[in-house]
Each structure stands twice: as structure tokens, then as C-alpha cells.
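One structure below.
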């Protein structure tokens, strides 16, 4: 006769197997998208890389769109979770902007498909998906920018710039070197962006944005 503890243990093992398979599918999809210039990942390739039967995509995520949304949600949880903590830090607005610029470049370096996936889900997922993406990424970033800029204005280190325009400028600049990875061999003379180039780019963007946000002393 099966005991209650054995049933509980089997349930725990099944849950662990489900989570392992689910994570493998997400990781495989992320790996494929990191190598591509478009949001293209076939079910067969995801299955091959993950070692999980492609039928499990429907079981865990409903369909490929559900898988992509789950990947985006995982990225949002990782990248957006620190924004509230950043805003609440007892440091200057310029220090917060420095941390954020370096963080967003690191995010695109780690997940170069991220901004493309955001746009894809907004365009292909319909109104509901668009609203979810906005709630995950755009709304928290806009809220953080408003507070950081307002603090910078109070401290006299930033002009009262429109947070929406700052969002477009910073996200566009941080993403483009990874979006345009095809051009890196021509522009930088290397096969791909490495850690050193990534850090140099983050430093350049930090300096450009901090200097550009400072009030004119004349």
C-alpha cells in the first residue's frame, strides 16, 4: 500500500521534472533567439536543443506564442525586479542613472533578443499581449525614469527631460549594438561583442547620457 509520504514524494518529483523540462525549453528558446536576427525558433529545434519532446511545449505553454511570452516574463522578472530597489537607494540621481545604464546594457548583452522579442510580442500577440508587455517593461521603466529625473532636478544635476523621450533614447542606444550584431565585424573588426566591448559601450553611454542630462552652466 502506498503511504502518504510516498505519494507526497512522488508529487514532489513530478513537480521537479516539470520545472526541469519547462526551464530546458525556455533556455533552449533563449539560446536560439540569441543567435538569430529575427524572432524565429522552430518547435523541432527547440525540442532538439532542450532534449524535451516538442509536444511538451503545448502542455506547459499552450503554444509557441505562450512559450515566447513565458520567456519574456522570465526576462522581465529578472531585469525589472531591481528597478524599485534602484529608485529607493540612498544615492544620487546620477549614481542611479549610472547603475541603470550599465544594467540595461548588461541585459541586452546577456539576452540580445530581448528588445526584438518585446516588439514581436506587441505586434504579433494582439491587444492583450501588448498590454502585458507594457505592464512588464514599459510601465516600470517609465515610473523609474520619472522618479530619477525628478530627483536629479532637485539635486541640480539633471534637466527636466521628458521621461518618455529618455526611455526611447536610452533603450534604443543600449540595444542597437546587439540588434545590429551583423555590422560588428565591419565597424569594430571583431566577430562579436565581447565583455570588453560591452563594458566600453556601457561606459560611453553612461558618459553621454549623464553629460547630456546635466544643466547648462552658461
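The values are calculated or read from the model by the stated rules, or taken from the named source; none is laboratory data. All values derive from a computational prediction rather than experimental measurement. Here the Cβ positions follow ideal geometry from the backbone for every residue, glycine too, while neighbour counts run over all protein chains shown.
Could you run through region 175-215 and say how many residues are over 23 Å from the mean Cα position of the chain (by Cα), over 25 Å from residue 154 (Cα atoms) and assigned to a helix (DSSP H, G or I)?
Counting residues in region 175-215 that are over 23 Å from the mean Cα position of the chain (by Cα), over 25 Å from residue 154 (Cα atoms) and assigned to a helix (DSSP H, G or I) gives 3.
Considering every residue within region 146-158, establish whether at least one is closer than 22 Å to residue 75 by Cβ and in contact (Cβ under 8 Å) with a residue 60 or more places away in the chain.
In the first step, residues of region 146-158 are kept if they are closer than 22 Å to residue 75 by Cβ; the result is 148.
The next check asks that each one be in contact (Cβ under 8 Å) with a residue 60 or more places away in the chain; those that pass are 148.
Scanning region 146-158, I find at least one residue that is closer than 22 Å to residue 75 by Cβ and in contact (Cβ under 8 Å) with a residue 60 or more places away in the chain, so the answer is yes.
If you go through region 162-199 one residue at a time, how many are surrounded by 12 or more Cβ atoms within 10 Å (Cβ to Cβ) and over 25 Å from residue 137 (Cα atoms)?
Selection size over region 162-199: 4.
Residues being assigned to a loop (DSSP other than H, G, I, E, B) and out of contact with any helix residue (DSSP H, G or I) (no Cβ under 7 Å at 6 or more places or on another chain): count how many of those fall in region 38-62.
First, pick out the residues of region 38-62 that are assigned to a loop (DSSP other than H, G, I, E, B): 38-42, 51-54, 62.
Applying the additional criterion that residues be out of contact with any helix residue (DSSP H, G or I) (no Cβ under 7 Å at 6 or more places or on another chain) yields 38, 40, 42, 62.
Residues meeting the conditions: 4.
Kindly evaluate residue 25 against the criterion of being crowded, with 18+ Cβ neighbours inside 10 Å and in the same structural domain as residue 204 (by TED's automatic domain parsing).
Details: crowded, with 18+ Cβ neighbours inside 10 Å: yes; in the same structural domain as residue 204 (by TED's automatic domain parsing): no.
No.
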